[in-house]
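Notes follow once the structure below has been shown.
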Amino acid sequence: MLSARFAPWHVPLFLLKYAWLSARRRPVLVHFEVTLRCNAACGFCDYHKTPAGARDTELASFADAARFFNPMLVTFTGGEPLLRKDLEGIVAAVRDAIRLKYVTLITHGAMLTPERAQSLWAAGIHQFNISLDYLDARHDEARGIPGLVDRIMAAVPAMRARGVDNIRFNAVLKADNLDQALPLVRRAAELGCGVNFSVYTDMKNGNTAHRIRPEQHAELDAVVAELLAYKRRRRGVITSSDAYLEGIPRWARGELAEPCRSGLRTIHVDPAGQVKRCPDFPTDFHWRDWARYEPIACNRCFYACRGEAQAPLRWSRVRDVMA
């Protein structure tokens, strides 16, 4: 699902840059964690416990790091990135530091007004990813933000009316929301949005309550089969790759044995400029001291940032992007 800012002829250019970065063993995707502060209160994440004083160590600009890595894909994340009042300036500086790039932002959506979205769009965001795991009050409760679903559902059409034409929901498959997968996809289609799926892990703070249980494996198989069938019927709504979706049941069963290549194609840069291979790993060094990572024997997660980076570059992936 390309934004109107991109034409089909951009795809070969991105493929060339992808090949160039891969050949040089440079990260294709850099996640800039612009803050670890958050005003949600999710039970599976402790970012809401980050002290307010942490803002004193947050970089004012990530442009030098962006210029150094020169990635093809950039994601602004957190914490909740919209807590940064200077986020537009941060985005614009990174935009100007890299010539060929695709820039996304991940947010829980509570502060994503149409006006702020339009401002960030003008600064250089190409795609807004809004976390959404349920279509009912369960989402409000899970995030600790009353009325959150209603805010998101009101904001999306208002954003599109202002020309912000590339919005996706980030949905995490969990023990208690497998019934929501297809309804989320259908709602996204009604709103002119896409859906990126991921799968829950307890790596962030040890909360196992949402992990898919063994007795749910058959249900998970059925849900993934339905998602793949929907993709075949209607392209451009489910934006997760076939390979990633197919891998989710394997990971849930403990059958995924391949080494994790996080840190090779994707890295995370924290608010102080420190690099980590994975969002839930400790930092290793400052970005100026970057050293190539090697694969590790870790299968504690199957986040999309891992699974999509390791998924083969099939034609179906290119086709999905162009849909």
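Any read-out appearing in this document is the output of simple, stated calculations on the displayed coordinates, not a laboratory observation. For clarity, every value in this text was computed on a predicted model and none was experimentally measured. Ideal geometry is used to build each Cβ from the backbone, glycine not excepted, and the neighbour counts take in all protein chains shown.
For the range 151-218, the gyration tensor built on C-alpha atoms gives a prolate shape. Its axis ratio a/c (a ≥ b ≥ c) is at least 1.5, and a/b is the larger of a/b and b/c.
Would you mind checking 101/204; 49/101; 17/231; 174/276; 49/276; 85/276 for any pair whose Cα atoms are more than 31 angstrom apart? All intermediate terms of the calculation are to be shown ahead of the outcome.
Numbers: 101/204 29 Å; 49/101 33 Å; 17/231 27 Å; 174/276 25 Å; 49/276 20 Å; 85/276 25 Å.
From the list (101/204; 49/101; 17/231; 174/276; 49/276; 85/276), the Cα-Cα distance tops 31 Å for 49/101.
Only bridges with both residues in the chain count here: give the DSSP antiparallel percent, nearest 5. Intermediate values should be presented prior to the final figure.
Values: 5 of 33 bridges.
Counting DSSP beta bridges with both partners in the chain, the antiparallel share is about 15 percent.
Just the projected area, averaged over all directions, of the convex hull on the alpha carbon atoms of the range 122-268: how many nm²? Intermediate results must be reported in sequence, preceding the final value.
Working: hull surface 40.9 nm².
Approximately 10.2 nm², given one-decimal rounding.
With θ taken as phi - 60° and the Karplus curve 6.51 cos²θ - 1.76 cosθ + 1.60 applied, the whole-hertz 3J(HN,Hα) list for the range 131-144 is 5, 7, 9, 9, 9, 10, 5, 4, 5, 4, 5, 5, 8, x Hz, x standing for glycine and proline.
Between residue 256 and residue 203, the contour length at 0.36 nm per residue exceeds the Cα-Cα span by 17.4 nm. Computed over the range 115-194, the range of Cα coordinates on each principal axis works out to 38, 24, 18 Å, biggest value leading. Near the amide H of residue 170, within less than 5 Å, lie the amide hydrogens of 130, 131, 132, 196, all on another chain or at least 5 residues away, with H placed in the peptide plane.
Where in the range 189-288 are there GluC sites (Glu not before Pro) that are in a DSSP coil and have at most 15 other Cβ atoms within 10 angstrom of their Cβ? Mind showing how you got there, number by number?
Numbers: sites: 190, 215, 219, 226, 246, 255; in loops: 255.
The qualifying sites are 255.
The distance separating the Cα centre of the range 250-267 from that of the range 40-62 comes to 27 Å. Of the trypsin sites (Lys or Arg not before Pro) in the range 68-98, the ones in a loop by DSSP (not H, G, I, E or B) with at most 10 other beta carbons within 10 Å are 85.
Coordinate range of the alpha-carbon atoms in the range 208-289 per principal axis, descending: 45, 31, 24 Å. Think of the range 10-322 as having a plus end and a minus end, set by charges on the Cβ of Lys, Arg, Asp and Glu; of 11, 171, 152, 11 sits farthest toward the positive end of this dipole. Per-residue ellipticity at 222 nm, computed for the chain from helices alone with -39500 (n - 2.57) per DSSP H run of at least four residues, works out to -11000 deg cm²/dmol. When Rg and Dmax are taken over the Cα atoms of the range 1-126, they come to 15.5, 46 Å. Scalar couplings 3J(HN,Hα) for the range 89-104, obtained by applying the Karplus form with A = 6.51, B = -1.76, C = 1.60 to θ = phi - 60°, are x, 4, 5, 4, 5, 5, 3, 6, 7, 10, 7, 10, 7, 10, 10, 10 Hz; x denotes Gly and Pro. Here the chain is treated as an ellipsoid with the same Cα gyration tensor; its semi-axes, largest first and in whole Å, are 26, 23, 22. By the Stokes-Einstein formula, at 1.002 mPa s and 20 °C, the range 95-153 with its Kirkwood radius over alpha-carbon pairs has D equal to 169 µm²/s.
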